[in-house]
Amino acid sequence: MKSKEEVIEEMQKVAEQMRLDDIEENPDILDEYFVCDCCGKEQCLAGSIQYGNYRLCNDCVLLAEVGFELKKFDKIEDLIEKMEDKKLAEDCEYIKQEERKRNN
Ligand SMILES: [Zn+2]
């Protein structure tokens, strides 16, 4: 049984290799961007992967692969949902801070 750290380290290498392979195949990819379905950020296409209906950026591919490997979830929808919560939490935090500023 691999430790969490080992899994993360291994997956980091895999994800980085995918990114490098994409760039080697098509160097122009570095100028190509898309909005990641998972983190919602505009990210480089290099190293991104299509999972079913979702395209994930290289950072999120790492999250997904580590999550699958550690059995945190077994389908990509679960990760997207988790990230939605996180995004929502960040949005709420931002709104709260803005309100605090206004009240001062
Ligand atoms: Zn992403």
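Given the condition more than 24 Å from GLU10 (Cα to Cα) and assigned to a strand (DSSP E or B), answer yes or no: does some residue in the range 40-54 qualify? Yes, the range 40-54 contains a residue that is more than 24 Å from GLU10 (Cα to Cα) and assigned to a strand (DSSP E or B). Scanning the range 67-92 for residues that are touching a residue at least 60 places away in the same chain (Cβ under 8 Å) and of a type in the set (A, V, I, L, M, F, W, C) yields one hit, LEU70.
For ALA89, state whether it is at pLDDT 95 or above and of a type in the set (A, V, I, L, M). No, not satisfied. Checking each residue in the range 22-50 for being surrounded by fewer than 18 Cβ atoms within 10 Å (Cβ to Cβ), within 12 Å of the ligand (Cβ to nearest atom) and not hydrophobic (A, V, I, L, M, F, W, C) picks out TYR33, GLY40, LYS41, GLU42. Considering (1) loosely packed, with under 10 Cβ neighbours inside 10 Å; (2) within 16 Å of the ligand (Cβ to nearest atom); (3) not aliphatic (A, V, I, L, M), the lone condition that GLU5 does not fulfil carries the number (2). Scan the range 45-104 residue by residue and report those that are touching a Ser or Thr at 6+ places or on another chain (Cβ under 8 Å) and charged (D, E, K, R). If the condition is that a residue be touching a Ser or Thr at 6+ places or on another chain (Cβ under 8 Å) and charged (D, E, K, R), then ARG55 is the only one that fits. Within the range 57-85, if we keep just the residues that are within 17 Å of ILE23 (Cβ to Cβ) and not in a loop (DSSP other than H, G, I, E, B), the residue that is nearest to the ligand (Cβ to nearest atom) turns out to be ASP59.
The values are calculated or read from the model by the stated rules, or taken from the named source; none is laboratory data. All values reported here derive from a predicted model rather than from experimental measurement. With ideal geometry, Cβ positions are generated from the backbone for all residues, glycine too; neighbour counts draw on all protein chains shown.
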